[in-house]
Amino acid sequence: GIVFNPNIPSEEVFVSPKKGSAEGIVYSSKPFSYRGQLIEHFCVKFENGRAVSVEAGDERQTEILRQMIAMDEGASFLGEVALVPYTSPIRETGILFFNTLFDENAACHIAFGEAYPCLQGGQEMSKDELKARGLNDSITHVDFMVGTPDLHITGTTHDGREIPVFVNGNFAEGI
């Protein structure tokens, strides 16, 4: 009775993170194309959920990233966190498609901007109701890849247990 609509071919698992909860530095693992410009080797520093600094391969690319996260109030916050195994068939082709809808299937990725209303009843909620639940609002949604062959992700359950979610770039056994 539960509707499941996988993102083919990778069947990524994604969530909309709570606005304001991202902390730390994330590094891109693959280049991405944004408005016809290829941006490579970049990192983003998050504080209180907001991207507070970006650095790319050169000053032109860094400036493009700065403009991207300044597009509106929500553009510097995360709207998606997606898990894609390193063994994804898209990654294994070795092709960069220069199209986020294809390229995002090559690796775990995160997105600046608009959050998907992927919570119970979210499709029927107003923007204000979604914001009250912690979802980000923006006119943009830009994915970039962060998955690597050595990626490890550990989840914490409600009762405080830690369980492996990703081991060496792929879903852990039993997940």
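The heavy atoms of S53 present about 50 square angstrom of accessible area, all protein chains included, probe 1.4 Å. In sequence order, the stretch 22-38 has phi-based couplings of 6, 9, x, 10, 10, 10, 5, 10, 8, x, 9, 9, 10, 6, x, 10, 8 Hz under the Karplus curve 6.51 cos²θ - 1.76 cosθ + 1.60, θ = phi - 60°, and Gly or Pro positions carry x.
For the stretch 139-150, 3J(HN,Hα) computed residue by residue from phi via the Karplus equation (6.51, -1.76, 1.60; θ = phi - 60°) reads 8, 10, 8, 10, 8, 9, 8, 10, x, 9, x, 10 Hz, glycine and proline entered as x. When Lys and Arg each count +1 and Asp and Glu each count -1, what net charge do the other residues less than 12 Å away from H41, Cβ to Cβ, add up to? Spelling it out: positives minus negatives among the neighbours equals -2. For the stretch 41-137, the spread of Cα positions along the three principal axes, ordered from largest to smallest, is 40, 33, 20 Å.
What FRET efficiency comes out for the pair S126/N7, r = Cβ-Cβ distance, R0 = 41 Å, nearest 0.05? Each step should come with its number before you reach the end.
Details: r = 26 Å, r/R0 = 0.63.
Computed FRET efficiency for S126 and N7: 0.95.
Spin-label model, T157 to E47: label points 7 Å out along the Cα-to-beta-carbon direction sit 3.7 nm apart.
Below 12 angstrom from the Cβ of G121, what's the summed charge of the other residues (Lys, Arg +1; Asp, Glu -1)?
After counting each charged neighbour, the total is -1.
Database remark: amide H of E80 closer than 5 angstrom to the amide H of A111 (H placed geometrically; neighbours at sequence offset of 5 or more, or on other chains; Pro and chain starts carry no H). Principal axis extents of the C-alpha atoms in the chain (largest first, rounded to whole Å): 47, 40, 29. Summary of the geometry: the stretch 1-64 and the stretch 96-173, compared by the centres of their Cα atoms, lie 10 Å apart.
List the GluC sites (Glu not before Pro) within the stretch 89-175 that DSSP assigns to loop and that have no more than 16 neighbouring Cβ atoms inside 10 Å. All intermediate terms of the calculation are to be shown ahead of the outcome.
Numbers: sites: E92, E104, E114, E124, E129, E162, E173; in loops: E114, E173.
When the GluC sites (Glu not before Pro) of the stretch 89-175 are filtered for loop state and at most 16 Cβ neighbours within 10 Å, E173 remain.
Of the chymotrypsin sites (Phe, Trp or Tyr not before Pro) found in the stretch 1-73, those in coil by DSSP whose Cβ has at most 13 other Cβ atoms within 10 Å are F4. Placing unit charges on the Cβ atoms of the charged side chains and taking the dipole of the stretch 23-140 about its Cα centre, the candidate lying farthest along the positive direction among A75, A107, S33 is A107. Ranking T154, Q123, T140 by how far each Cα lies toward the positive end of the dipole of the stretch 51-175 (charges on Cβ) leaves T154 at the top. Compared with the direct C-alpha span, the chain from L38 to T148 gains 37.7 nm at full extension, assuming 0.36 nm per residue. The T62 and N99 beta-carbon pair, evaluated with R₀ = 22 Å, returns a calculated FRET efficiency of approximately 0.45.
Let me know the charge dipole size of the chain about its Cα centre in debye, to the nearest 20, where only the beta-carbon of Lys, Arg (+1) and Asp, Glu (-1) is charged.
For this selection, approximately 140 debye.
The values are calculated or read from the model by the stated rules, or taken from the named source; none is laboratory data. Since we're looking at a predicted model, the values are computed, not measured. Cβ atoms come from the backbone with ideal geometry, glycine included; neighbour counts cover every protein chain shown. Ligands, DNA and RNA are excluded from the accessible area calculation, which covers all protein heavy atoms including side chains. Shrake-Rupley method; radii C 1.70, N 1.55, O 1.52, S 1.80 Å.
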